[in-house]
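Taking it in order: structure first as structure tokens, then the write-up.
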Amino acid sequence: MSSSAPERLDPVGPRRGLTGRRPAGRAASGRLPWVLVLPAVLGLVFLVLPLAGLLIRAPWPTLLARLAEPHVLEALRLSLVCATVATAVCLLLGVPLAWLLARVDFPGRRLVRALVTVPLVLPPVVGGVALLLVLGRRGLVGQWLEATFGITLPFTTAGVIIAEAFVAMPFLVISVEGALRGADQRFEEAAATLGASRWTIFRRVTLPLIMPGVVAGAVLCWARALGEFGATITFAGNFPGTTRTMPLAVYLALETEPEAAIVLSLVLLAVSVIVLASLRDRWVSAP
């Protein structure tokens with residue numbers, strides 16, 4: 001009658017794989033490096049403390065009443081409408097642009113990609129000045145639009161949409177281009193061998209593959225458009241009911257009624273938190 005051999009004990013503890021290393025993703029044991037922890041905590045406090053101050057100083061007892069004020073609702077409505085239309089414009093123009101940068105090799109592609117990302121680092125006020133010089137009544141294109149079609153864009157709601165789309169489109173293009181580069185092109189090649197046209201392949205194969213990237217880019221684009229200030233006030237002005245969006249209303253209320261500015265800021269903060277929460281699964285991977 002045979003008996004099983006006694007189980008051997010590993011003198012070095014739990015196995016760590018063939019290489020003897022710890023599994024990936026596990027932190028090394030030992031003391032915390034305070035030389036790194038202390039600046040990290042200070043950085044966290046630096047970022048969170050202003051937001052905490054906004055929440056502490058908020059007029060909570062009168063919050064709902066202030067949100068129901070006509071000028072607040074008007075600014076909120078205008079912001080939501082303009083940000084949504086600007087996002088639609090970015091989708092219409094930005095998705096084909098991202099496809100061009102990701103799938104077509106043409107001379108000067110790197111330069112075009114750099115130009116697309118310029119609004120990310122360009123001060124918004126400078127962007128507003130540039131739009132004014134091009135689309136203003138005496139601008140390169142604006143004077144032709146006014147003379148030919150009678151269209152005037154500056155200091156109008158359409159001007160708000162254009163300013164927001166200008167600063168927000170790079171977020172969409174970068175996200176969609178990354179999704180296109182990461183998509184498996186074998187499905188597109190298989191559809192092409194079956195006789196599908198370029199448009200059919202894009203609509204029925206490519207677009208469903210990159211839809212998570214498109215949605216993420218659209219959400220970021222919408223959030224950026226909602227919070228746009230510099231280009232809007234420079235190119236579209238600050239007229240109630242026409243161009244005064246939420247950020248502009250915050251700036252104006254801060255000079256006359258600080259509590260109203262806090263309430264409007266809370267609305268924008270809530271929108272930002274919702275956007276980050278909706279994109280968490282895309283940016284943060286679980287351990």
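The set of residues in segment 103-142 that are among the charged types (D, E, K, R) and surrounded by 11 or more Cβ atoms within 10 Å (Cβ to Cβ) comprises Arg103, Arg109, Arg113, Arg137.
If the condition is being in contact with a helix residue (DSSP H, G or I) (Cβ under 7 Å, 6 or more places away or on another chain) and open to solvent by 50 Å² or more (accessible area, probe 1.4 Å), then segment 143-156 contributes only Ile151. Summed over segment 190-206, residues that are assigned to a helix (DSSP H, G or I) and over 17 Å from Leu100 (Cα atoms) total 5.
Within segment 193-222, residues that are buried (at least 18 other Cβ atoms within 10 Å of the Cβ) have Cβ atoms under 6 Å from residues that are assigned to a helix (DSSP H, G or I) and among the polar types (S, T, N, Q) in these pairs: Gly213/Ser175; Ala216/Ser175; Gly217/Ser175; Ala218/Thr87; Cys221/Thr87; Trp222/Thr87, counting only partners at least 6 apart in sequence or on another chain.
Residue-by-condition table, conditions (1) outside any helix (DSSP H, G or I); (2) open to solvent by 70 Å² or more (accessible area, probe 1.4 Å); (3) over 30 Å from Ile56 (Cβ atoms):
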| site | (1), (2), (3) |
| --- | --- |
| Glu177 | no, no, yes |
| Leu180 | no, no, yes |
| Asn238 | yes, no, no |
| Val250 | no, no, no |
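Scanning segment 223-236 for residues that are open to solvent by less than 60 Å² (accessible area, probe 1.4 Å) and within 27 Å of Leu133 (Cβ to Cβ) gives Ala225, Leu226, Gly227, Glu228, Gly230, Ala231, Thr232, Ile233, Thr234, Phe235, Ala236. For beta carbons closer than 8 Å, sequence separation of 6+ or different chains, a first residue in segment 167-190 that is farther than 24 Å from Pro123 by Cα and a second that is among the polar types (S, T, N, Q), the qualifying pairs are Leu180/Thr206; Ala183/Thr206; Glu188/Thr206.
The values are calculated or read from the model by the stated rules, or taken from the named source; none is laboratory data. Quantities reported herein were computed from a predicted structural model and do not represent experimental measurements. As a convention, Cβ positions derive from the backbone with ideal geometry for all residues, glycine included, and neighbour counts pool all protein chains shown. All accessible areas refer to the heavy atoms of the entire protein, side chains included, with ligands and DNA or RNA removed. Shrake-Rupley method; radii C 1.70, N 1.55, O 1.52, S 1.80 Å.
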